[in-house]
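> Quick one: structure below, then a few questions.
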Amino acid sequence: MSGGPPSTSIRQGRPPSRRHSTSRQSPNRAGNASIRIAVAISHVVSYAPRAHVAEDRPPDSPVTLRRSLVVSDPAFETAAHPTLVELPGARVEAVAVGAALGAPADDVLVGAAATEAAVGARLEDCDVLHLSTHGRLDELAPFASSLVLAGRDELTVADIAGLRFGTDLAVLSGCDTGRGAATLGGDLIGLTRSLLRSGVRRTVVSLWPVDDDVAPVLMQAFYTSLAAGRPCAHALADAQRQVAGMTRADLRAAYEALGGTPEGYSAARRRGARRGPVGLELDAELRDDEEVPERLGGDAERYWAPFVLVG
């Protein structure tokens, strides 16, 4: 491919199971320091779930966009999920994604309409599936990891394993949706594996928590680029670079331009919950900052680089 950053397809036996560095070290001219270069900035990256997938199918193959299903901010029962919060950014995202894809109103499920039955009834004819909701990562019982839907409904790893999809692209815009638990046999049990084994051709998932106010801006740029004919990996890279080049003020202005309100803006609101081994506590210097930095490039890749393309 001529022009633009190089395209890289990472061949691996299983999707990534943990957050790993998006940067490499390069010595500067003086030789006494190093410059952080984000791989997501310098390359277009996609993951192949198996080596033969990378060999048999070009990573730049186009995405089918005939019919889409958008599911956002389901009205879950707080008694069932007491630690979760509403996601105003996900509602903003639903409108932006639906508009970019030209989705009819019946195929945009928000709030109480986002039930398991309504989602399941539309999956068979769905080319693009977009879910912006809370992701629940259960490292103790990985088949119980899920995407939260309306009421007490959830779409678990076990549920997905029993479905058959004809979906070209599934985007899981929630926290930790690309993570899972490794088995002794080297497999990874999680949402990504279940989707791909159930027939989804490729999926965009997250490797760490997703900020509710950043995701709408990134996803609107991603789908706008995708609808213009950009290959999926390039569209995601374009969107990530666009957000990485923003300032805090730029990000807030972009969020409000999509219909978000200042009252709904919260840098600390994230899309998920996690259950893991008891007693594990991160050192203070390893914890995520609650305040959006003045500039989103450099060390702030947590905000713009949680998503990866697998498939």
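The values are calculated or read from the model by the stated rules, or taken from the named source; none is laboratory data. In this text, all values refer to a predicted model and were calculated from it rather than measured experimentally. In this analysis, Cβ positions are derived from the backbone assuming ideal geometry, glycine residues included, and neighbour counts consider all displayed protein chains.
> Just one of G120, G98 is under 17 Å from S194 (Cβ atoms), of a type in the set (G, A, S) and either outside any loop (DSSP other than H, G, I, E, B) or at pLDDT 95 or above (or both); which is it?
Being under 17 Å from S194 (Cβ atoms), of a type in the set (G, A, S) and either outside any loop (DSSP other than H, G, I, E, B) or at pLDDT 95 or above (or both) holds for just one of G120, G98, which is G120.
> Does at least one position in region 164-174 carry a residue that is at pLDDT below 95, of a type in the set (A, V, I, L, M) and assigned to a strand (DSSP E or B)?
No: zero hits.
> Oh, and also: So, of the residues in region 244-261 that are in contact with an Asp or Glu (Cβ under 9 Å, 6 or more places away or on another chain), of a type in the set (A, V, I, L, M, F, W, C) and part of a helix (DSSP H, G or I), which turns out to be farthest from V39 (Cα to Cα)?
Among them, the one singled out is A249.
> Search region 181-192 for residues that are within 12 Å of A141 (Cα to Cα) and among the β-branched types (V, I, T) and pair each with any residue that is at pLDDT 90 or above and part of a helix (DSSP H, G or I) when their beta-carbon atoms are under 6 Å apart and the residues are at least 6 apart or on different chains.
Filtered contacts from region 181-192: I189/P142.
> If you check T192 against the conditions, is it touching a strand residue (DSSP E or B) at 6+ places or on another chain (Cβ under 9 Å), under 24 Å from T83 (Cβ atoms) and crowded, with 22+ Cβ neighbours inside 10 Å?
yes
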